[in-house]
Each structure stands twice: as C-alpha cells, then as structure tokens.
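Have a look at the structure below, then the notes.
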2 protein chains.
Amino acid sequence: MTKNLIKILRERGYRLTPQREMILAAIIQAGDHVSAEDVFTKVQEQSSAINIATVYRTLDMLVEEGLACRTDLGIGEYMYATNQHGPHIHLICRKCGYTQDADHSLLKKLEETILSEYDFVADLHHIAIFGLCAGHQLEDEGGQE
Amino acid sequence: MTKNLIKILRERGYRLTPQREMILAAIIQAGDHVSAEDVFTKVQEQSSAINIATVYRTLDMLVEEGLACRTDLGIGEYMYATNQHGPHIHLICRKCGYTQDADHSLLKKLEETILSEYDFVADLHHIAIFGLCAGHQLEDEGGQE
DNA sequence: TTTACTGCAAATAATTTGCAAAACT
DNA sequence: AGTTTTGCAAATTATTTGCAGTAAA
C-alpha cells in the first residue's frame, strides 16, 4: 500500500523522505478521512520530528497528484483520504453532526447522467451530503435548538 | 420577497433593522450564491453604514432559521443563497474552477433513495460536485498543470 | 553536488467575538 | 425602558509561505 504510493511518487520525480513515508502510512492506516491535524498527531506518536507545515504540503501534493482526495465535511477543516479508501457517500446531519455512510452505488446513475448530459466527469468518491438524520426530522427545520 | 422574509423574522422575534433589510435585499436580488464579501460590497453601494461582522451575523442567522443555505463551493469562502433561489447542482471543475449548473431533477431519485434506505432527509438544493470539465478530461488526472 | 524538502515562525484570510454604544419595539 | 443589534477592533483558526538549513539523489 504505502510502498505503492511511494513508488508512484518517485516515478513522478518526488523524493522519498521519512516524513512523507510516515504521512502516507498514517493516512492509509487510518482507513478513513482524516484532517491534517489528525495526520500530524498520528505521526507524532511515531516520531516527534515532523512539522504541521510538512503535513499540509504533503497532503496537498497527494491531492495534486490525484492520489488522495480532499473533502469538506463541513466541520471547518478539510479531510483527506487516499483513493484506496473505498468510495462512499457521507450523510451528515446539520443539527447534530451525526455522520453515516451511504452506499456509493447510489451515485452511479447520477455520475453517468452528468457525464452524458453535461460532459463533466463528476468526482463522487467521497461526497458529503448534508441534511437531517432520523432523529431531527421535525416539521420546522428552521427552529432554533 | 424581501418583505416575506422580514415578516417571518419578525414573527420569530427578530428585530427589523435597516442593515438586515439591505442584506436581505442584496442576497435576494443577487439571485445566485453570494459570499459574505459580495453581500457586504453590494450593500455598501447603497449605504456605507454597515459592517462586515453584521453581514456574517445576519447570514448565519438566516441559515440557522432555515431561510438561506450555506454552500462550500471550494473557493475558500462560503456562499449563501436564499431558499427562494431555485435548487440546482453546481458542477465545478477542479482544474480550472469553471462552474456550470446542472438540473436538480437529477437528484430526485437519489433523494428518495437516501430517505427510504437511510432515513435521512438530504438537503440537495445547492449541492456542489467537483470533477473535470470537458476541457480537462485528460487521461492523467494527476498531472501537474 | 545539486536541488528538493523540511522546520520554523510569521503571514494570510475568512470568520467570530467581546463589549460599549445605538436603535428597534 | 428594555433588550436586541451593531460597529469596531482584536481574537481565532486553518492553512500557507519565505527562507535558511538539511538531506535525498
């Protein structure tokens, strides 16, 4: 896994540094979306010799290279995941923040339609959809808690 | 339009201030998604007596009240629109930022499925979908520009 | 050796907040 | 009058950046 990504990066002219190895390992092991802070913390557990700026730079580089994706889950910070992390939909309750995953296959049709009708390749691997979870579907959505 | 929202706000116990009137008018007249800055600028054209903090506070209040929605279009700032702004999908090219709107009806099925299978009321009125526009669909998505 | 990469600390940039003054009801 | 709302300026927070030192290749 990690080896894979490292190899790709080297092929594309990037240098292999222990920081990058650790960051890659962390984001892959997480097996889920993680924030830059999450990665930073996780890496610090293994070695304290890393800087948050490096985490941001590496993460951005991975996204640039199409090896990871960056998703806004509405919590004020971007979340990252490698593309090896299976595609899915995030359903996020705007009242309580409760998050559940929905099956990605729901989007197959949408993806195809968008491509054929708008000539647009939708990147729906880790889309976030906001709304109301079962426990918060009262009639007055606008009411203050 | 504006009167409508004002009335609703008053019914909910909010006070009517010229600032709020101007902000409401601006966001409604825009007829599209606007940033807090956009609103601020627009309102300043009419009257210079308004502060950006008030714009943010009013916009947040409208979202809280369910009268407007806040969408992240991936440009580093949130965009706002009243719910009177017709629902649609934003297709945003991650290479060039080019944005086009797609018909919201594409999501009807998705919305229904999410509700029946996950008991989740998806708020898909102004969803943003990232991907690649017609001009940027090269085979190597990861290549650097 | 060469040039990319990192750490550090300061810079950004959007948004939020505390508090006293102003204004709606 | 009483309480909400505003303006102002400072605080926050996530992320970015300049630059000199460090380390892959």
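The values are calculated or read from the model by the stated rules, or taken from the named source; none is laboratory data. In this text the structure is predicted, and so the values were computed from the model without any measurement. Please note: Cβ atoms are built from the backbone with ideal geometry, for glycine as well, and neighbour counts cover all protein chains shown. Surface accessibility is based on the protein's heavy atoms, side chains included, excluding ligands, DNA and RNA. Shrake-Rupley method; radii C 1.70, N 1.55, O 1.52, S 1.80 Å.
Among the residues in segment A:131-140, are any in a loop (DSSP other than H, G, I, E, B) and facing chain B (nearest Cβ under 7 Å)? Yes, that holds for at least one residue. The strands (runs of 3 or more DSSP E) located wholly in segment B:44-108 that include 2 or more residues which are more than 16 Å from DNA strand D (Cβ to nearest atom) and within 17 Å of B:ILE27 (Cα to Cα) occupy B:68-72, B:78-82. Could you check, for segment A:90-100, whether at least one of its residues is over 26 Å from B:GLY135 (Cα atoms) and either under 11 Å from the mean Cα position of the chain (by Cα) or in the same structural domain as A:THR2 (by TED's automatic domain parsing) (or both)? There is at least one residue in segment A:90-100 that is over 26 Å from B:GLY135 (Cα atoms) and either under 11 Å from the mean Cα position of the chain (by Cα) or in the same structural domain as A:THR2 (by TED's automatic domain parsing) (or both). Is it true that some residue in segment A:96-103 is open to solvent by 20 Å² or more (accessible area, probe 1.4 Å), more than 19 Å from A:SER35 (Cα to Cα) and at pLDDT below 85? So far as segment A:96-103 goes, yes, one or more of its residues are open to solvent by 20 Å² or more (accessible area, probe 1.4 Å), more than 19 Å from A:SER35 (Cα to Cα) and at pLDDT below 85. Contact map, segment B:38-59: first residue at pLDDT 90 or above, second residue near DNA strand D (Cβ under 8 Å from one of its atoms) and among the charged types (D, E, K, R), Cβ cut-off under 6 Å, separation 6 or more or different chains; pairs are B:THR58/B:ARG20.
Among the residues here, B:LEU5 does not qualify as more than 10 Å from DNA strand D (Cβ to nearest atom), under 23 Å from A:LEU73 (Cα atoms), outside any strand (DSSP E or B) and open to solvent by less than 30 Å² (accessible area, probe 1.4 Å).
Yes/no per residue for (1) within 11 Å of DNA strand C (Cβ to nearest atom); (2) open to solvent by less than 40 Å² (accessible area, probe 1.4 Å); (3) under 14 Å from the mean Cα position of the chain (by Cα):
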position: B:THR17; (1), (2), (3): yes, no, no
position: B:GLN29; (1), (2), (3): no, no, yes
position: B:VAL34; (1), (2), (3): yes, yes, yes
position: B:ASP38; (1), (2), (3): yes, no, yes
position: B:VAL43; (1), (2), (3): no, yes, no
position: B:THR54; (1), (2), (3): yes, yes, no
position: B:ASP60; (1), (2), (3): yes, no, yes
position: B:THR82; (1), (2), (3): no, yes, yes
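Put simply, of A:GLU77, A:GLU65 the only residue that is surrounded by fewer than 16 Cβ atoms within 10 Å (Cβ to Cβ) and in the same structural domain as A:LEU24 (by TED's automatic domain parsing) is A:GLU77.
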